[in-house]
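What follows is calculated from the coordinates using simple rules that are stated; it is not laboratory data. Worth saying up front: this structure is predicted, and the values here are computed from it rather than measured. All Cβ positions, glycine included, derive from the backbone under ideal geometry; neighbour counts span all protein chains shown.
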């Protein structure tokens with residue numbers, strides 16, 4: 001689409017005109033459009049009411065943290081999510 005006051009741009013027969021560039025957007029607008037949520041604001045098992053953190057082999061060299069779902073009784077990952085998620 002050409003501006004009605006443009007006298008410099010030539011239209012060549014058989015060649016389609018260049019597409020119109022989309023308007024520039026800010027970073028905040030692009031983040032909102034994609035629905036991005038950071039790791040601390042996204043719903044995940046780590047922030048779920050049903051998630052239970054337990055320490056396996058406390059005070060030993062092979063100590064580790066283990067998260068389990070109390071509702072489903074299975075191990076979960078920090079960033080996991082399920083249909084039964086509820087805020088802690």
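Suppose we filter 25, 41 for residues that are more than 16 Å from the chain's Cα centre (by Cα), free of Cβ contacts under 8 Å to residues at least 12 places away in the same chain and part of a loop (DSSP other than H, G, I, E, B); which single one remains?
Working: 41 fails: more than 16 Å from the chain's Cα centre (by Cα).
The unique qualifying residue is 25.
Can you name the residue in region 44-55 that is in contact with a strand residue (DSSP E or B) (Cβ under 7 Å, 6 or more places away or on another chain) and in a loop (DSSP other than H, G, I, E, B) and, of all such residues, is farthest from residue 31 (Cα to Cα)?
Looking at the filtered set, the residue picked out is 50.
If a residue has to be part of a loop (DSSP other than H, G, I, E, B) and either without any contact (Cβ under 8 Å) to a residue 40 or more places away in the chain or farther than 15 Å from residue 44 by Cα (or both) to count, how many in region 56-88 make the cut? Outline the logic, then answer.
Initial filter on region 56-88 (part of a loop (DSSP other than H, G, I, E, B)): 57-63, 70-73, 76-86, 88.
Of the ones still in play, those that are also either without any contact (Cβ under 8 Å) to a residue 40 or more places away in the chain or farther than 15 Å from residue 44 by Cα (or both) are 57-63, 70-73, 76-78, 80-84, 86.
Residues meeting the conditions: 20.
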